[in-house]
Each structure stands twice: as C-alpha cells, then as structure tokens.
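S.K.: Sharing a structure with you now.
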Amino acid sequence: MKLLRLKSAVLAIAFSAVSSLAGHAESHAIRNCTWCHGTSAQGYLPAPRLAGQKRQYLENQLVGFSQHTRDNPFSKQYMWFATASLSPKTAHDLAIYFSELSPKPAEDGNQQLAAMGRKIYQDGIPDSNIVACIACHGPNAEGVREIPRLGGLEFSYLQRRLEQWGEGYNKTAMHPMPHVASQLSAKQIAALASYLSFIK
Amino acid sequence: MKVVRLRSLLQIAVLAVAFSTAARASDEKAAAGVSQRDLQAKVDYCETCHGLSARGFIGFHPIPRLAGQPVEYIENELKGFVEHKRENKESPSSTNIMFNVGHVLSPAMIHALATHFHDLNPKPFGGAPKEIVAAGKKIFDDGVPSADVPACGTCHGADAKGNGAFPRLAGQLYPYIVTQLTNWAKERAEENSNIMAPIAHGLTKSQIEAVAAYVSYLE
C-alpha cells in the first residue's frame, strides 16, 4: 500500500514541470507534496506541516534530502524520492509557496508536560548546560531565515527529530542542533515537543 | 573644548586599564578550582549559541563573537548581565538569556572560560556590506572630529584587538555592533559603559554601519 502510494508520487513528480507556482494551488508540483503533507500542507503524519515554515529553512532541507545528508529513516524512505528530480528552481518556488500558507497548530502534545517544556524553551537549564531554545527560534517559536518555526508542529514529529539527532542521524545538519539534542533526556524532549505543539 | 573632552575620556580609559592589571593577579588563583571536564562541557554549551570556536552566530538576535576578547572584558560583561546593569531593552528575552547563563557560574569557572575564549582565534564571521568598509576605516583611524568622536583605535587598539576593559572589535559580528552602538544608552549601564556613551551617541546611523563593517572583517 505504502509502496503503491510512493510510486505514483514519483511518477507525478517526473511528469510535472511547473515554473511559477504562486497562485496555482492546483498545480501538479504542489499536489505532489500535499498528497503526503496534507491539505494546505498542514501535516499528515508522518509528513510534517510545511505551511508557514521559513522559506530558507525549507530550501535547505530540500537540498539535504536530494544530497542524502538528511538521512533519518523517514527522510530516506519518502523524501529522497520526492526530491530526486526536483530542479533548484521548483524547490525554490515550492519553498516560497509553502512558507506563505498560514499554519494551524497541531495541539497534540501532553498538556501536563507543557509547563516544563516552556521553562526549558525560555530559560534552558544552565546547571545542566542545556541552552535556551528562544535565543535562536525566537520568543514565539516563529523561527527566522534558515532557523525553522517550531510552534505548532506535530508532537511526534518534533519528538522524533530531537531523538534522531541524539541517535546520530542528520549529523551534517546546521550547527548547533546535533549538539543541542544530544544533551536532552527523553522526558525533556517530550516536554519540549508538547509545549511547542500548542503554540499558535 | 574638543581636546579637553578627549583627554578626560582617555584619562578614564587609562585609569580603567591600570586598575585591570591589579585585579587580574587575584583571579589567577581562582581558576585552579575547575576540572578540565567541567570546563569543556561549559565551553561546548557556550559555543552552542556563540558559534563554533566562539566566532559568533546569528540566531533570532545576533550572538556576539567571544574569541580573542580580553579576559577582563568577558568577566565584566558576565557580571553586568548577572547584576542587571546590562540589559537588552528592545528584546527582553535576550537579556534573560545571559542572566540565566551567568548566574550559575562560579568565579573560578568564569575566569577559566574567559581565558579559554581569549585564546581562540577563528576567522571572522563575515557578511557585512563591503562597499562601506573604506569609509569605516577612516572613522576607526581618525574618528569624526566634527562630531567630537575620537578615533576608535585610541582605546580599542590600532588593530582593534582590545585590551583589559576595552573590548576587541576585530571580527565582531556586523549586526551585533550596529545594535550595540544604536542602543547604547538604553542597554548598557555598567561601570565602564559611560566611556562609550557619548561616542556611540555622536555617530550617525550610516557611520555606525560603516565602522561596524570595517572592524567585522579584521582578523
């Protein structure tokens, strides 16, 4: 089933050649993506929400998939194919298009852990050398330039991302995330992912 | 008038430096109490935000270069954050960041970290507009006499490497310097901060950008 879905996605990508995407919500290039990433790219697990993500960050990730440096299992399984024949121009246009869609928060974390997550996000834990995420991801987890928006992303996606850096995947990710994530315990990751999933 | 003002500025400057060498000797002993392992863990932590080899990083706000900064200046700033004399008023979150970082550090750890970062020498981060560098060099070397702004090199060193309480400007991040000079009076109220206040105030926006661009490329 999964395989079938994937194959038709690859075919669709091969046949699409769209130059300008803005305003073409129905274009093939976009549907190739939203088919997995959900209606208006709001996320459809395991594919994360792309709507409202920073353009530069999206473009960097697409390069990472096509060059196989983002190498965690789901990226390998889904995104390596999806980006195999994507031209830099289409990648750029898609990144602009998705960054301009307004994001809806997933709100699927554990309410009980959100306060703990908020504290780590804002203050870090200086005694344990855990940094305050706010310094880079911003006061409302909105991101900037190549630093992604985290607010409102799916709990399980955020959790998996942070765990996988600690496990050694995606090593060549931009400084400093591999180091940040390797300092966090499972409980701290769950708390951060919970807090972030509720941010609007 | 101009001469008098500059001279008194320089006197404060010289006094501050003389004071610094005396304070240094007692700190040296304090550094003894830090294990190599604890120090390395802290260094990794600082570099998470301040960039690899502490060359600076541009997060949501610019996070300054620490590499090559005089030991005493680093110690002064950490004290300023902890005592709330240095605050980032435009962005309160940014103040709390360094308060939180600093208030758990022992004097021995602060000294060990300051010494460690002082000894690093990575290449500048870069990225400033190149076309204003020449105008910036002129301001750095000669000041802006018509606005009573003295040459920066008088205090920060001809090579901009700083000394004692005078910070290194060489290789500092362009957007960080621009923010500091633009917001000086609002954000910095430490012991030595008033030396810089009239200087920062005397520079126009485009002069600030030019001198920031020039020093940001110095190695």
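The values are calculated or read from the model by the stated rules, or taken from the named source; none is laboratory data. The shown structure was predicted, so the numbers you read here are calculated from the model rather than taken from an experiment. Ideal geometry is used to build each Cβ from the backbone, glycine not excepted, and the neighbour counts take in all protein chains shown. Surface areas here come from the heavy atoms of the whole protein model, side chains and all, with no ligands, DNA or RNA. Shrake-Rupley method; radii C 1.70, N 1.55, O 1.52, S 1.80 Å.
S.K.: Looking at B:Ala108, is it farther than 19 Å from B:Pro167 by Cα and part of a loop (DSSP other than H, G, I, E, B)?
M.R.: No.
S.K.: The conditions are (1) more than 16 Å from the chain's Cα centre (by Cα); (2) of a type outside the set (A, V, I, L, M, F, W, C); (3) closer than 20 Å to B:Phe57 by Cα, and B:Pro145 fails exactly one of them. Which is it?
M.R.: Here B:Pro145 clears every test but (3).
S.K.: Let me ask something else about it. Could you grab me the full set of residues in the range A:109-151 that are assigned to a loop (DSSP other than H, G, I, E, B), polar (S, T, N, Q) and more than 7 Å from chain B (Cβ to nearest Cβ)?
M.R.: Matches in the range A:109-151: A:Asn110, A:Asn140.
S.K.: Also: Quick one: which residue in B:Pro175, B:Pro122 is open to solvent by 20 Å² or more (accessible area, probe 1.4 Å) and assigned to a loop (DSSP other than H, G, I, E, B)?
M.R.: After ruling out the rest, the residue left standing is B:Pro122.
S.K.: Give the residues of the range B:45-82 that are touching a residue at least 12 places away in the same chain (Cβ under 8 Å) and among the acidic types (Asp, Glu), sorted by residue number.
M.R.: B:Glu72, B:Glu75, B:Glu77, listed by residue number.
S.K.: Within the set of pairs 6 or more residues apart or between chains, which connect a residue that is under 14 Å from B:Tyr73 (Cα atoms) inside the range B:106-135 to a residue that is open to solvent by 50 Å² or more (accessible area, probe 1.4 Å) and part of a helix (DSSP H, G or I) with Cβ atoms less than 8 Å apart?
M.R.: Cβ pairs passing all conditions: B:His111/B:Glu28.
S.K.: Another one. Given the condition free of Cβ contacts under 8 Å to residues at least 40 places away in the same chain, open to solvent by 50 Å² or more (accessible area, probe 1.4 Å), in the same structural domain as B:Leu39 (by TED's automatic domain parsing) and more than 30 Å from A:Lys54 (Cβ to Cβ), answer yes or no: does some residue in the range B:93-105 qualify?
M.R.: yes
S.K.: Something else now. For the condition in a helix (DSSP H, G or I), modelled with pLDDT of 95 or more and more than 15 Å from the chain's Cα centre (by Cα), what is the one hit in B:Ala151, B:Ala158, B:Ala210?
M.R.: One residue alone meets the criteria, B:Ala210.
S.K.: Applying the selection to the range A:82-100, what residues are in a loop (DSSP other than H, G, I, E, B) and either charged (D, E, K, R) or open to solvent by less than 40 Å² (accessible area, probe 1.4 Å) (or both)?
M.R.: Selection gives A:Thr83, A:Glu100.
S.K.: Could I ask something else about it? Of everything in the range A:37-93, what is hydrophobic (A, V, I, L, M, F, W, C) and within 13 Å of the chain's Cα centre (by Cα)? Give them in sequence order.
M.R.: Answer for the range A:37-93, where residues must be hydrophobic (A, V, I, L, M, F, W, C) and within 13 Å of the chain's Cα centre (by Cα): A:Ala41, A:Leu45, A:Ala47, A:Leu50, A:Ala51, A:Leu58, A:Leu62, A:Phe65, A:Phe74, A:Met79.
S.K.: Sticking with this one: Test B:Ser146 against the criterion of being within 14 Å of chain A (Cβ to nearest Cβ) and open to solvent by 20 Å² or more (accessible area, probe 1.4 Å), and give yes or no.
M.R.: When the stated conditions are applied, B:Ser146 does not pass them.
S.K.: Let me ask something additional. Please indicate, with yes or no, whether at least one residue in the range A:164-184 is assigned to a helix (DSSP H, G or I), surrounded by 20 or more Cβ atoms within 10 Å (Cβ to Cβ), more than 13 Å from the chain's Cα centre (by Cα) and among the hydroxyl-bearing types (Ser, Thr, Tyr).
M.R.: Scanning the range A:164-184 turns up no residue that is assigned to a helix (DSSP H, G or I), surrounded by 20 or more Cβ atoms within 10 Å (Cβ to Cβ), more than 13 Å from the chain's Cα centre (by Cα) and among the hydroxyl-bearing types (Ser, Thr, Tyr).
S.K.: OK, next. Filter the range B:182-198 down to residues that are assigned to a helix (DSSP H, G or I) and open to solvent by less than 30 Å² (accessible area, probe 1.4 Å) and give me whichever is nearest to B:Glu131 (Cα to Cα).
M.R.: B:Trp184
S.K.: Sort out which residues of the range B:47-68 are more than 7 Å from chain A (Cβ to nearest Cβ), open to solvent by 30 Å² or more (accessible area, probe 1.4 Å) and part of a loop (DSSP other than H, G, I, E, B), and write them in order of number.
M.R.: B:Arg55, B:His61, B:Leu66 - these are the residues of the range B:47-68 that are more than 7 Å from chain A (Cβ to nearest Cβ), open to solvent by 30 Å² or more (accessible area, probe 1.4 Å) and part of a loop (DSSP other than H, G, I, E, B).
Results for (1) aromatic (Phe, Trp, Tyr); (2) in contact (Cβ under 8 Å) with a residue 60 or more places away in the chain, shown as yes or no for each residue.
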| position | (1), (2) |
| --- | --- |
| A:Gln111 | no, yes |
| A:Pro126 | no, no |
| A:Glu142 | no, no |
| A:Phe155 | yes, no |
| A:Leu158 | no, no |
| A:His179 | no, no |
| A:Ala190 | no, yes |
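S.K.: Moving on. Pick from A:Gln67, A:Gln42, A:Gln122, A:Gln77: which is closer than 16 Å to A:Ile199 by Cα and not assigned by TED's automatic domain parsing to the domain that holds A:Met174?
M.R.: After ruling out the rest, the residue left standing is A:Gln42.
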